[in-house]
Each structure stands twice: as structure tokens, then as C-alpha cells.
1. Return the only residue of 293, 231, 283 being over 16 Å from residue 340 (Cα atoms) and either surrounded by fewer than 20 Cβ atoms within 10 Å (Cβ to Cβ) or in contact with a helix residue (DSSP H, G or I) (Cβ under 9 Å, 6 or more places away or on another chain) (or both).
2. Residues to consider are 57, 74; find the one that is surrounded by 12 or more Cβ atoms within 10 Å (Cβ to Cβ), modelled with pLDDT of 85 or more, more than 31 Å from the chain's Cα centre (by Cα) and among the hydroxyl-bearing types (Ser, Thr, Tyr).
3. Given the conditions (1) modelled with pLDDT of 85 or more; (2) in a loop (DSSP other than H, G, I, E, B); (3) in contact with a strand residue (DSSP E or B) (Cβ under 7 Å, 6 or more places away or on another chain), which single one is not true for residue 86?
4. So how many residues does region 172-184 have that are open to solvent by 60 Å² or more (accessible area, probe 1.4 Å) and assigned to a helix (DSSP H, G or I)?
5. State which residue pairs qualify: first residue under 15 Å from residue 222 (Cβ atoms) and inside region 272-287, second residue of a type in the set (Gly, Ala, Ser) in any location, beta carbons under 7 Å apart, and separation of 6 or more residues or different chains.
6. Could you look through region 185-228, keep only residues that are assigned to a strand (DSSP E or B) and in contact with a helix residue (DSSP H, G or I) (Cβ under 9 Å, 6 or more places away or on another chain), and pick out the one that is farthest from residue 275 (Cα to Cα)?
7. Can you tell me how many residues in region 315-354 are more than 24 Å from residue 66 (Cβ to Cβ), among the aliphatic types (A, V, I, L, M) and either open to solvent by less than 50 Å² (accessible area, probe 1.4 Å) or not in a loop (DSSP other than H, G, I, E, B) (or both)?
8. So, residue 135, is that one out of contact with any strand residue (DSSP E or B) (no Cβ under 6 Å at 6 or more places or on another chain), touching a residue at least 12 places away in the same chain (Cβ under 8 Å), part of a helix (DSSP H, G or I) and among the small types (Gly, Ala, Ser) or not?
Amino acid sequence: MFNRFMFFVRHACALTLLSAAVCGAAPEPLGASAVPAPLLLPLNAKQQASLGVQVGTVQPATGGPLLVSATVVTPPGKTFTVSAPYAGQVSRLRIGVGDSVKSGAALAQFTSPMLGDARRMLNEAALDYKTASAAAQRDQAMLDEGIIPAVRLQLSRSKQEAAQAQLQAREAELLAAGMRFDANSGYATGTLKAPLSGTVVDVFAAVGQRVEAGALLFKLADAAQLQLELQLSSDKAAQIQVGDEVSIPSRQAKARILGVSRAVEANQSARARASVTTRGSLQVGDLVSATVQAKASVNAAKPDAHWWVPARAVTHWRGKPWVFVANAQGFEARAVTVVSSSDEVTLIDVALPVGSQVAITGIASLRALLQKDE
């Protein structure tokens, strides 16, 4: 009985292998990857012509254009913010988004009771220093005449130094606040100044708005030099090197790669920075599509795995990208991995012999042949 059972098992396995061979695909071994096996489409030259199929030779990917997304930013340290120095109210705006300002230019008028207190304490410190300085000068004269001992002059000078330190502390407080006082403004009103020259990127305040101390009011950037921050997949990051050229045709701008971070972040993307060499019409904060001309070989580890093909040669079926590779019997449909793509060309990851050809026209007809048995 056991021998008869094994005969039927062996007979069933043979039928499975025969069926796979007839369909043009080898049986998938247990534990194989999820990549679909190649599918054979037998077609002679006459059938190909009737379907309008033409072929083109794949090009080895020893570098080429990579389509990426980029954000226009300023170099590190060239963006700065202006915050509310005290809890108070914006009483007047002097600038708007896109305005260029010089260092020390007026940004807004700001009113705060705490600002009034700071001015009062500054004036008191100035008066104390003036009084202490006068006392030190008087004691110096009296010491010269022999009226008072030297210890009294030392005491007067110590008071003068303490008053001077207090005055400097009050002045530093208002300097750090970025405030300037006008003769015609109220005692509790001052003018917020631009700490550096640049362009106003954002305005977060409105006239009459009450804000807390430290609230963000303005964002400015020194836009004399621009950079691009590129968002990359891990595959694209592996292809880019320092010095690669970047072009943004829509803005008539160019850049050059400064550095690449291949560490993949939580969103499965890497980053690169590029210095803008030709500005064109780029503005800080713009989100643009850029093309990186990768010079380095992307297939050093697998020299037969990465190929450039016309974008129209790639079709999608069963949720995967496919290409039709020409052979002696007709075509072989092969699932591929798309590494990079633009409107004209696509970089695919698939093992192919050098000189392989893929269908570049008649793709819809070839795909219909794949779907006929579904």
C-alpha cells in the first residue's frame, strides 16, 4: 500500500513540472523570493510587425540623470528669527514677506509694560552711575588736598564700578531684546530691529496682536547664497557623489552636490545638500524638481543589474513594473525594480546580458498577451 502511495505522489510531481514547462516558467522552489518568474511570449518577426513592436538596446547605467525633489534653503547659520522680547503687543508693522532689509532696519513697533520697566531701570542705573562717578571725582580731589584718607577714595571707586556694572547690565538687556527707542514713541514702546541684513521669509505677527515673551514674530534669511536640500531614496543616495551637477530646468538654475547623507530616516529617505551655482529664479522655500547628473557608476557591485531604458518601455502588471526582453523565441516578460525615472528615461534594476534589447513600442499589445489567460 505504501509503495502505491509513493507512486501517485511521484506521478503528481511530474505532472506539475510538465505543466510549468509548457507555460514557459520554471517551478518556484520553496522559500524563493517574491519576484515573479520571467514569462515567455513566443512571437515571430511577422507577428511582431503586425503588433507594431519595435526594440531598443538597453544602456548600462554608468551614471546619468536622477530625478529628485529639492527644497531651496539658505546655508546653515544664514537663517535667523526675531522673537518678542517681552509679553506685549505689536502696535505697527514696518515690513512684509519678501522685503529686503538691512541690519538695524525697523521691523515693527512693540509696546509692553515690561519694556517700560526696563527703560526705567536703565535710566535709574544711568543716574546711579553718574552720581557714583561724581562722588569718586570729588573724593579724588579731596584726597589730593589731604582732606580724606585713601580708603575713602577706594570705597567711592568701588561704588562707581558697581554702578557701572549695573548700567552695562541694563544696556545689555535692551540690546539683546533688539529694541531701539524713538523720541516720538511712548515710554513703553520701542522699535524691533533686524539683527542682520537679509530677506523677510515669514511674518507671524499682526497689528494689535498680543504675544507672550519669546513668541516668534519674524523669520529672515540671508539669501545671498542659496542651497538645495534633496530628498532621496536609499537607491538614489547610493548613486550620488560630491561634485555631481544638479539642474533645475524650470527655474534656469544649476547647483553642485556638497554632501550626501546615506543614513535612512524614519520616512525611509536620505538627504543631500547642493550649493546653487546659477540662481535663476529660485527663491528661499521653493519646492522644485531637480535632475542630478550622477557621474559615479551605480552598478559597481552588480555590473549587469542596472540599465537605462526609455520610460515607455516599462509597463505595470499585477502591481509590479515589467519590461519585455527580446530573445530568439520572441519576448520574455521580466519583472524589474525601478530605481529612478523621468519623463524620458527609467533606470531599472534587473540582471541582463550586455547588449540586451527590450520592446519600446507595441507595449500595450504585449501586455494584452500577458493578460489573455487571466
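1. On inspection, the qualifying residue turns out to be 283.
2. Of 57, 74, the one residue that is surrounded by 12 or more Cβ atoms within 10 Å (Cβ to Cβ), modelled with pLDDT of 85 or more, more than 31 Å from the chain's Cα centre (by Cα) and among the hydroxyl-bearing types (Ser, Thr, Tyr) is 57.
3. The number of the failed condition is (3).
4. Start the filter on region 172-184 by keeping residues that are open to solvent by 60 Å² or more (accessible area, probe 1.4 Å), which leaves 173, 175-176, 180-181, 183-184.
In the following step, the residues that additionally are assigned to a helix (DSSP H, G or I) were identified as 173, 175-176.
Qualifying residue count for the region: 3.
5. Matching pairs, first to second residue: 275/255; 276/253; 276/255; 279/253; 282/253; 284/221; 284/223.
6. 189
7. Final tally of qualifying residues: 2.
8. yes
The values are calculated or read from the model by the stated rules, or taken from the named source; none is laboratory data. Just so we're clear, the structure is a prediction, and the values are computed from it rather than from any experiment. Every residue, glycine among them, receives a Cβ derived from its backbone with ideal geometry; neighbour counts consider all protein chains shown. Heads up: the accessible areas ignore ligands, DNA and RNA and are worked out on the full protein's heavy atoms, side chains in. Shrake-Rupley method; radii C 1.70, N 1.55, O 1.52, S 1.80 Å.
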